[in-house]
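Note sheet for the following structure.
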Amino acid sequence: MSIRALSWFLLASLIVHAEDGNTRVYLSEPDALREAFPEATSFSSERFRPSEEERARIERHSGRPLHESEFCIHSAWSAGTLLGYAVVTEEIGCFKPITFLVATDAKGAVRQVSVLVYRECRGGEIARLRFRKQLFGKTLSDPLRQNQDIVNISGATVSVKSITDGVRKVLAAIDAAYLSRGATPAPPGTAAPAVSEERGTVRRARPAMGALLEITALEALPSDVDAAFREVARLERVLSHYRADSELSLALRAARTGPARLGDDLFECLLAARRVWEASGGAFDPTVAPLVEVWGFKGGGGRVPEADELSAALARVGFHHVALDCDRRTMSLDLPDLALDLGAIGKGYAVDRAAEVLRARGVRAALIDFAGNMAAIGAPPGEDGWPVLLRHPRNPESSLGVVFLKDRAISTSGDYEKCFVLDGKRYHHILDPRTGRPAGTACQATVLAATATEADALSTAMCVLGPDRGREVAISSGVEALIVAEPVPGGELRCVGTPRILSELHVGEDCGAVEGAEG
Ligand code: AMP
Ligand code: MG
C-alpha cells in the first residue's frame with residue numbers, strides 16, 4: 001500500500017458517507033423542537049459542560065460511557081414562561097449512531113422523544129410513536145427497565161436500549177445543569193453564560209433540508225460547528241420549496257402580481273442557477289418543479305404520470321420565464337403559475353455558506369458533507385487533501401476511486417437517489433427539462449469546482465447531458481467532471497472524464513473503462 005493510499009485509509013475513518021442506502025432522515029432539529037413544543041413562542045440554548053463528578057453521575061444513570069464533553073440544552077419559552085428543555089443526542093445502535101431529540105417539561109419529565117436520523121438497516125420501528133410514547137412522562141427517578149418498564153420490540157432490541165439509555169443520559173444532564181441546582185436557563189434575548197470550550201476535532205451530523213449534513217472540523221470549537229449548522233437551518237427557511245412559508249414560496253406568490261424583491265441569499269442562489277442553466281443549455285433548470293411533482297418525487301416514492309399530466313407540467317417549465325433584475329434585486333415571472341425547485345443547487349449553496357461561517361471563525365481544516373455535496377477547507381495536517389470516495393453507481397459497497405479535496409468542492413448526482421422500478425425499467429428524479437422524463441444517458445456525474453453551488457448544479461446538469469456533451473460543458477465551464485454512462489446490461493461501466501480529474505483520481509477496481517485522459 002502506498003503512503004498516500006495508507007494515509008487515505010486512516011483518514012477515511014474520519015468520513016462517514018450519508019448516502020449508504022439505509023439512512024433515513026426524519027426531522028431537522030428546528031422541526032423536532034417545534035414538534036416537542038408547539039406552543040413555544042421562542043427558544044434559547046445554553047452549553048453545559050459537566051464536571052468530572054457530574055459526568056460520573058450521568059454515566060451511572062445512562063449505564064454507558066459518556067461520549068459528549070458538553071451538551072447543548074435548548075429551552076422552550078412562551079411569553080416569558082419556561083415550558084421545558086430539549087437536547088439532541090446520539091447513541092450507537094447496532095453499528096451506527098441514532099440521532100434523536102429528548103424533550104422534557106420544566107420539571108424534567110419526558111414530553112417528547114423524536115428520531116431525527118436512523119442509519120441502521122433494521123430496528124427502525126423505534127421511530128414510531130407507539131414505541132416512543134412509552135417514554136413520555138418518565139423522569140430521572142423512573143427505572144426504564146427494558147422489557148419491564150419499556151416494552152421491547154423484537155428485532156430492534158439494541159436500538160430500544162440505545163434510545164432508553166440516551167433518554168436517561170439527557171434526563172441526568174438536564175438535572176445536573178438546572179434542576180438539581182435550582183437554576184433556570186437565561187430567557188431568550190439575554191446573553192447566555194459563557195462556557196469555556198476546548199479546541200479539538202469536532203464531528204457532528206444534523207438533518208437539514210431533508211438530508212444529512214455532516215461537518216468534521218479540526219482544531220475547532222463545538223460552537224464553530226453549531227454556527228455552521230445554524231446557517232444551514234436559516235437557509236432552509238429561505239430556499240425550501242417544501243415549506244409554504246419559505247422566502248422562496250412567498251416570493252413566487254408575490255411575483256404573480258409583479259416584480260418580487262428577494263433577499264441576498266435567494267437572489268444569489270437564483271443568479272448562480274441562471275449561470276448554470278445558460279452554461280448547460282437548459283439541462284439544469286429549476287423550473288422543473290411541476291415535473292418533479294407529476295412524477296411523484298416531491299415527498300413521495302414516484303409514479304409514471306399520464307401523458308396529459310406530463311404535457312400540462314411541461315408547459316410550465318422554462319427558466320426563460322424568470323427575469324432577475326440585478327439592480328433592483330427582483331424576480332419577475334411571465335408565467336404566473338411558475339414554480340421553482342432549488343433541490344439541485346440549494347444544498348451546494350448551503351455548503352458554501354457553512355464553509356464561509358467556519359472560515360470566518362478561524363477554522364483552517366474542515367470537511368462539510370451534505371448528502372454528496374462537499375466542500376473542503378484546507379486539509380488535515382500533513383495531507384494533500386481530504387480523501388473523498390466516489391461511489392459506484394450500481395454497487396454502494398464499492399467505489400470508483402478516491403480524490404483528495406483541498407479548498408475545493410465536489411458534488412455527485414445519481415439516478416439511484418430517488419427512483420422506482422416499474423416493469424423492469426428504472427425511473428429516477430433527475431428530469432430532462434426538454435422531454436419531461438427521467439434523463440437517460442448518464443447514471444451518475446461528479447463535478448469538482450471552486451464552489452459547492454456550482455458543483456451541485458452542474459453535477460445534476462451532467463446527468464441530463466450525458467457523458468459526451470457533459471464533458472464538453474465541464475470543459476467550457478472550467479470545472480472537472482467524471483460522468484458514468486447509463487450501464488448496458490452485462491457490459492462494463494463507461495466513465496468519461498475531464499483530464500485533471502482523471503489524473504487525480506485514484507481509480508478503484510470497479511471503475512470500468514475510463515475515457516478522456518488525453519484531454
Ligand atoms: P441533485 O441530487 O442535486 O442532482 O438534485 C436532484 C433534484 O433536483 C431532484 O430531486 C429535483 O428536485 C431537482 N431536479 C430534477 N431534475 C432537474 C433538472 N434538470 N434541473 C434542475 N433541478 C432538477
Ligand atoms: Mg445537484
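Bear in mind these aren't lab numbers, they're just calculated from the coordinates by the rules spelled out. Keep in mind that what you see is a predicted model, and the values were worked out from it rather than measured. Heads up, the Cβs are rebuilt from the backbone with ideal geometry, glycines too, and the neighbour counts pull from every protein chain shown.
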* Once Rh for the stretch 166-243 is found with the Kirkwood sum over Cα pairs, what is the Stokes-Einstein diffusion coefficient at 37 °C and 0.692 mPa s, in µm²/s? -> 215 µm²/s
* the stretch 83-186: chymotrypsin sites (Phe, Trp or Tyr not before Pro) in DSSP coil with no more than 16 other Cβ atoms inside 10 Å -> PHE95, PHE136
* Reciprocal mean inverse distance between Cα atoms of the chain - Kirkwood radius, Å -> 24.5 Å
* Asked: Is the shape of the stretch 407-519 best called rounded, prolate or oblate, per the rule: a/c under 1.5 gives rounded, else a/b larger than b/c gives prolate, else oblate, with a ≥ b ≥ c the square roots of the Cα gyration tensor eigenvalues?
  -> oblate
* **Cα-Cα P(r), the stretch 105-202, percent of pairs per 5 Å interval** => 2, 11, 19, 19, 16, 13, 11, 7, 2, 0
* How many angstrom lie between the C-alpha centres of the stretch 150-179 and the stretch 25-39? -> 19 Å
* Please tell me which of these pairs span more than 28 angstrom C-alpha to C-alpha: LYS96/LYS138; LYS161/LYS418; LYS96/LYS418; LYS96/LYS347; LYS107/LYS133? => LYS161/LYS418
* Least to most buried among CYS72, CYS419 (fewest other Cβ within 10 Å first) -> CYS419, CYS72
* Over the alpha carbons of the stretch 59-140, what is the largest minus smallest coordinate on each principal axis, giving the biggest first in Å? -> 43, 31, 20
* Asked: Say the dipole of the chain comes from +1 at the beta carbon of Lys and Arg and -1 at that of Asp and Glu; which of ILE475, ALA376, THR216 then lies farthest toward its positive end?
  -> THR216
* **Other-chain or far-sequence residues with amide H under 5 Å of ILE150's (modelled H)** => ARG145
* Gap separating the Cα centres of the stretch 268-334 and the stretch 85-148, nearest whole Å -> 40 Å
* Radius of gyration and Dmax for the stretch 35-171's Cα atoms, expressed in Å? -> 14.6, 44
* Mind sorting SER154, SER162, SER476 by how few other Cβ atoms lie within 10 Å of their own Cβ, fewest first? => SER154, SER476, SER162
* **Those trypsin sites (Lys or Arg not before Pro) in the stretch 45-119 that DSSP places in a loop and that have at most 14 other beta carbons within 10 Å** => LYS107
